[in-house]
Amino acid sequence: MAKPRSRYVCRACGHEALAWAGQCGGCGEWNTLEEVAAPAGSGGSGGSSRRRRAAAPPRAIPLRDVVSPREERLSTGIGELDRVLGGGLVPGSLVLLGGSPGIGKSTITAMALGNMVSAGRQVLYVTGEESTAQVRMRAERLGSGALEVPALAETDLATVVAAIEAERPDACVVDSVQTMHSGELSSAPGSVAQVREAAGGLMEVAKRNGTALILVGHVTKEGAVAGPRVLEHLVDCVLLFEGERERSYRTLRALKNRFGATSELGVFEMRSGGLVEVEDPSARFVGEATAAAGSVVLCAMEGTRPLLVEVQALVAPTEVVPPRRVANGIDRNRLAMILAVLARHGGVGVGGSDVFVNVAGGVRVDEPGAALAIALAVASAQRGEPLTDAEGRPLACFGEVGLTGELRYVAHAERRVAEALKFGLGPVQGPRIREAPAGLEMSATLRKALASARRRGGTALREAA
Ligand code: TYD
Ligand code: MG
């Protein structure tokens, strides 16, 4: 039998080539082409399309007449996970759960399957990384449901596919997709070709049997799930599990979701008995906020709910050229932009200093509305002036900063302000808004917001006295 013809796919951009080359013809990256097996039946050149032309042409139907599948959802028994998924797992869907090692991917999936078994569902846990004995040790910490989960230690793709076919579970976890190996490919497990082949094969059997499939995937240092774009195109939903390993908080968010919003955030805490949902993360993060210089509270929006997080900055003189700019939990480019605006329009220059900005609790805030909080934290750190009020409560703020130093409107102002007021943080510094909610102190520019924040901290008053 002839070996199926191979193709080569770029790891970076997904460009396909018939022959291997050092440089990708699509994006110009070097050493990114990897071998993948050609799909069955695509051997002949143009043969299949010619065959199709001979048969009756396919008929398109008006969308009104398309039968929509029942919106049945499988609850994982973990409220925050269900919410991020958009209301639970969709039967026959493919979810990719990414996260760095040790973050808790195996824990959350084992807990979810345990809950589903307790609810009378059929499940299957495929482990390619750990032995079943190791999986059992984890399950012992997670309660009785987790111990009922049928587990299979297997890395051979064909065997796993056969097991899913035989068991027809409602939900199946494959931990991790990087360990799956197809004998039809010569490349090593974890390579793009193997990961793609595994995801494709598993998806096919899952869709056929209506199994909701969760693929666990490791992320690379850059934060992409290995086999990056190729896999993300394929799956219905990409979830990212993040957090600082040293801290116990974990956040779960959807980067892509065909069945729900991508902005929802779930917050968990890793405890000795597994992951515990944090129902009111604002209360936790505000409770831990410090009153020191360089700390402010950001009224962020995460999906449909407001979230208060502490933004911390440290500005330290340095001899290093160029000085360091370290951003944790915010985008580096956003930090660079804010520092430039601060210098040009806010009168706060940090040219000769290292700047570190951190969102406490290991949360990521990727919205433009975080800019004012970052700017105020850096300004406060630079001057060594805390922005707390007379009672020592931290300053709460939100708003986008424009390149000309103006403060710009961001959505859901009322809900952000209301969340801050709920925790006794007010007035809130923010941009000008037509119908301003009570408790919002509006400024037209970054410079005015800085002055207003310092007045609140009592610095301007002390200086005047
Ligand atoms: P794990 O789910 O194995 O991470 P991943 O699959 O993402 O690599 O969990 C890793 C960490 O979680 C590990 O350091 C131990 C800790 N842990 C707890 O603190 N409590 C628990 O109940 C469990 C099961 C794990
Ligand atoms: Mg694991």
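Restricting to segment 100-119, name every residue that is among the aliphatic types (A, V, I, L, M) and away from ligand 2 (no atom under 13 Å from the Cβ).
Step one: list which residues in segment 100-119 are among the aliphatic types (A, V, I, L, M), which gives 103, 108, 110-113, 116-117, 119.
Scanning segment 100-119 gives Ala112, Leu113, Met116, Val117, Ala119.
For segment 351-385, give me each residue that is under 19 Å from the mean Cα position of the chain (by Cα), of a type outside the set (A, V, I, L, M, F, W, C) and at negative phi. Break it down stepwise before answering.
In the first step, residues of segment 351-385 are kept if they are under 19 Å from the mean Cα position of the chain (by Cα); the result is 358-370.
Among the residues that remain, those that are also of a type outside the set (A, V, I, L, M, F, W, C) are: 358, 361-362, 364, 366-369.
Passing the criteria: Asn358, Arg364, Asp366, Glu367, Pro368, Gly369.
Of Ala375, Ala371, which residue is closer than 29 Å to Ala316 by Cβ, open to solvent by less than 50 Å² (accessible area, probe 1.4 Å), in contact with a Gly (Cβ under 9 Å, 6 or more places away or on another chain) and free of Cβ contacts under 8 Å to residues at least 40 places away in the same chain?
Ala371
Which residues, counting only those in segment 395-434, are free of Cβ contacts under 8 Å to residues at least 24 places away in the same chain and among the acidic types (Asp, Glu)?
Listed by number, the list holds a single entry, Glu414.
For the subset of segment 74-104 comprising residues that are within 17 Å of Val219 (Cα to Cα) and part of a loop (DSSP other than H, G, I, E, B), which member is farthest from ligand 1 (Cβ to nearest atom)? Don't jump to the end; show me each part of the working.
Just the residues of segment 74-104 that are within 17 Å of Val219 (Cα to Cα), to begin with: 95-104.
Filter once more, keeping what is part of a loop (DSSP other than H, G, I, E, B): 100-104.
Values: Ser100: 7, Pro101: 5, Gly102: 4, Ile103: 4, Gly104: 4 Å.
Within segment 74-104, the match that is farthest from ligand 1 (Cβ to nearest atom) is Ser100.
For segment 111-129, check the following and say yes or no: at least one residue is on the phi < 0 side of the Ramachandran plot, of a type in the set (Lys, Arg) and open to solvent by 50 Å² or more (accessible area, probe 1.4 Å).
The initial filter retains those residues of segment 111-129 that are on the phi < 0 side of the Ramachandran plot, namely 111-119, 121-129.
Pick out the ones that are also of a type in the set (Lys, Arg) and you get 121.
With the extra rule that they be open to solvent by 50 Å² or more (accessible area, probe 1.4 Å), the set shrinks to 121.
Within segment 111-129, one or more residues are on the phi < 0 side of the Ramachandran plot, of a type in the set (Lys, Arg) and open to solvent by 50 Å² or more (accessible area, probe 1.4 Å).
Which of the helices (runs of 4 or more DSSP H) found entirely inside segment 105-176 contain at least 3 residues meeting this: more than 16 Å from ligand 1 (Cβ to nearest atom) and touching a residue at least 40 places away in the same chain (Cβ under 8 Å)? Steps first, please.
On the way: elements: 105-118, 132-142, 144-147, 157-167.
In segment 105-176, the matching helices (runs of 4 or more DSSP H) lie at 157-167.
Name the one entry in Leu403, Leu440, Leu339 that is among the hydrophobic types (A, V, I, L, M, F, W, C), at pLDDT 90 or above and within 23 Å of Leu308 (Cβ to Cβ).
Of the residues listed, the single one that is among the hydrophobic types (A, V, I, L, M, F, W, C), at pLDDT 90 or above and within 23 Å of Leu308 (Cβ to Cβ) is Leu440.
Could you look through segment 141-162, keep only residues that are of a type in the set (D, E, K, R) and within 16 Å of ligand 2 (Cβ to nearest atom), and pick out the one that is least open to solvent (accessible area, probe 1.4 Å)? Please lay out each step first, then the result.
First, the residues of segment 141-162 that are of a type in the set (D, E, K, R): 141, 148, 154, 156.
Those left that are additionally within 16 Å of ligand 2 (Cβ to nearest atom): 141, 154.
Working: Arg141: 150, Glu154: 49 Å².
Out of the qualifying residues, it is Glu154.
Based on this model, can you work out whether Pro91 counts as surrounded by fewer than 24 Cβ atoms within 10 Å (Cβ to Cβ) and over 10 Å from Ala171 (Cβ atoms)? Let's see the steps before the verdict.
Numbers: surrounded by fewer than 24 Cβ atoms within 10 Å (Cβ to Cβ): yes; over 10 Å from Ala171 (Cβ atoms): no.
Judged against the criteria, Pro91 is not a match.
Working only within segment 187-207, note down all residues that are farther than 18 Å from Gly14 by Cα and either open to solvent by 30 Å² or more (accessible area, probe 1.4 Å) or polar (S, T, N, Q) (or both). Even if it seems obvious, please write down each step before you answer.
Let us first name the residues in segment 187-207 that are farther than 18 Å from Gly14 by Cα, namely 188-189, 201-207.
Correct list: Ala188, Pro189, Met203, Glu204, Lys207.
Among strands (runs of 3 or more DSSP E) lying entirely in segment 178-293, which contain 1 or more residues that are without any contact (Cβ under 8 Å) to a residue 40 or more places away in the chain and over 30 Å from Glu72 (Cβ atoms)? Before the answer, list the steps.
Details: elements: 212-218, 237-242, 249-257, 265-271, 274-277.
It comes to 265-271.
Could you tell me how many of the residues in segment 175-186 are touching an Asp or Glu at 6+ places or on another chain (Cβ under 7 Å) and either open to solvent by less than 30 Å² (accessible area, probe 1.4 Å) or within 16 Å of ligand 2 (Cβ to nearest atom) (or both)?
Adding up the residues that qualify gives 5.
Of everything in segment 306-348, what is part of a loop (DSSP other than H, G, I, E, B) and in contact (Cβ under 8 Å) with a residue 24 or more places away in the chain? Give them in sequence order. Can you show your working first?
Taking segment 306-348 as the starting set, the residues that turn out to be part of a loop (DSSP other than H, G, I, E, B) are 318-324, 329-331, 346-348.
Once the filter is applied, which keeps residues that are part of a loop (DSSP other than H, G, I, E, B) and in contact (Cβ under 8 Å) with a residue 24 or more places away in the chain, segment 306-348 yields Thr318, Val320, Pro323, Arg324, Gly329, Ile330, Asp331, Gly346, Gly347, Val348.
Would it be correct to say that Pro394 is closer than 14 Å to Pro306 by Cβ and in a loop (DSSP other than H, G, I, E, B)?
On the way: closer than 14 Å to Pro306 by Cβ: no; in a loop (DSSP other than H, G, I, E, B): yes.
Judged against the criteria, Pro394 is not a match.
Conditions tested, residue by residue: (1) at pLDDT below 75; (2) hydrophobic (A, V, I, L, M, F, W, C); (3) touching a Pro at 6+ places or on another chain (Cβ under 7 Å).
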| residue | (1), (2), (3) |
| --- | --- |
| Cys10 | no, yes, no |
| Ala19 | no, yes, no |
| Cys24 | no, yes, no |
| Cys27 | no, yes, no |
| Glu34 | no, no, no |
| Ser42 | yes, no, no |
| Gly46 | yes, no, no |
| Ser49 | yes, no, no |
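Identify the residue in segment 258-298 that is under 20 Å from Ser248 (Cβ atoms), open to solvent by 50 Å² or more (accessible area, probe 1.4 Å) and among the small types (Gly, Ala, Ser) and, among all such residues, is modelled with the highest pLDDT.
Looking at the filtered set, the residue picked out is Ser272.
The values are calculated or read from the model by the stated rules, or taken from the named source; none is laboratory data. Here the structure is a predicted model, which means the values were calculated and not measured. Reconstructed Cβ throughout: ideal geometry from the backbone, glycine too, with neighbour counts over all protein chains shown. Areas reflect the complete protein model, heavy atoms only, side chains present, ligands, DNA and RNA absent. Shrake-Rupley method; radii C 1.70, N 1.55, O 1.52, S 1.80 Å.
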